[in-house]
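Before any comments, here is the structure.
The values are calculated or read from the model by the stated rules, or taken from the named source; none is laboratory data. Computed from a prediction, not measured in an experiment: that's the story for all the values here. When we count neighbours, we look across all protein chains shown, and the Cβ atoms used for this are built from the backbone with ideal geometry, even at glycine.
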Amino acid sequence: MDAFKNPKHRQQWRNTLTTYGAPQLGAMLVQDVTTQDALRVLKPIWQDRTETDSRIRGRIESVQASAAVAGHRTGDNPARRAGNLKELLPALTKVAKSGNHPAVQLNNAPRT
């Protein structure tokens, strides 16, 4: 994690992986993580927290890629989107809630 110049970014990485990844992946070795394991992390929040889920998937993918380069795992990256999870999860653009928030009525706007 020396690549992080911003301590807040480093903490966000740790927090999301601890909060969402650790309960499902626990103490698994990186070499043992499969696509089905990645799906157990991602599916519960895929449609409700699309931005968070996208970041978590990318972070798991990065951890797996780093492990492969370091020789700790072989084979396909279980969190890779293209040609892997893309086939199993709907596109985030299809499930993400979009649109503007309703406007605040002028008489309800705070006066400063």
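Restricting to region 46-79, and then to whatever is charged (D, E, K, R) and modelled with pLDDT of 90 or more, can you tell me which residue is nearest to Gln24 (Cα to Cα)? Before the answer, list the steps.
The initial filter retains those residues of region 46-79 that are charged (D, E, K, R), namely 48-49, 51, 53, 55, 57, 59, 61, 73, 76.
Next, from what is left, pick out any that are modelled with pLDDT of 90 or more: 55, 57, 59, 61, 73, 76.
Numbers: Arg55: 16, Arg57: 13, Arg59: 15, Glu61: 15, Arg73: 19, Asp76: 20 Å.
Looking at residues that are charged (D, E, K, R) and modelled with pLDDT of 90 or more, I get Arg57.
Please go through region 1-24 and give me each residue that is among the aliphatic types (A, V, I, L, M) and farther than 17 Å from Ser54 by Cα, ordered by number.
Restricting attention to region 1-24, the residues satisfying the condition of being among the aliphatic types (A, V, I, L, M) are 1, 3, 17, 22.
Met1, Ala3 - these are the residues of region 1-24 that are among the aliphatic types (A, V, I, L, M) and farther than 17 Å from Ser54 by Cα.
Identify, please: which residue in region 39-64 is part of a loop (DSSP other than H, G, I, E, B) and over 11 Å from the mean Cα position of the chain (by Cα) and is, among those, farthest from Gln11 (Cα to Cα)? Before the answer, list the steps.
Of region 39-64, the ones part of a loop (DSSP other than H, G, I, E, B) are 46-49.
From what's left, over 11 Å from the mean Cα position of the chain (by Cα): 47-48.
Numbers: Gln47: 24, Asp48: 23 Å.
For region 39-64, the residue satisfying everything is Gln47.
For (1) without any contact (Cβ under 8 Å) to a residue 40 or more places away in the chain; (2) of a type in the set (D, E, K, R), each residue gets a yes or a no:
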{"position": "Val33", "(1), (2)": "no, no"}
{"position": "Ile60", "(1), (2)": "no, no"}
{"position": "Ala67", "(1), (2)": "yes, no"}
{"position": "Arg73", "(1), (2)": "no, yes"}
{"position": "Ala91", "(1), (2)": "yes, no"}
Pick from region 11-38, criterion outside any helix (DSSP H, G or I) and not hydrophobic (A, V, I, L, M, F, W, C), ranking: surrounded by the fewest Cβ atoms within 10 Å (Cβ to Cβ): Gly26
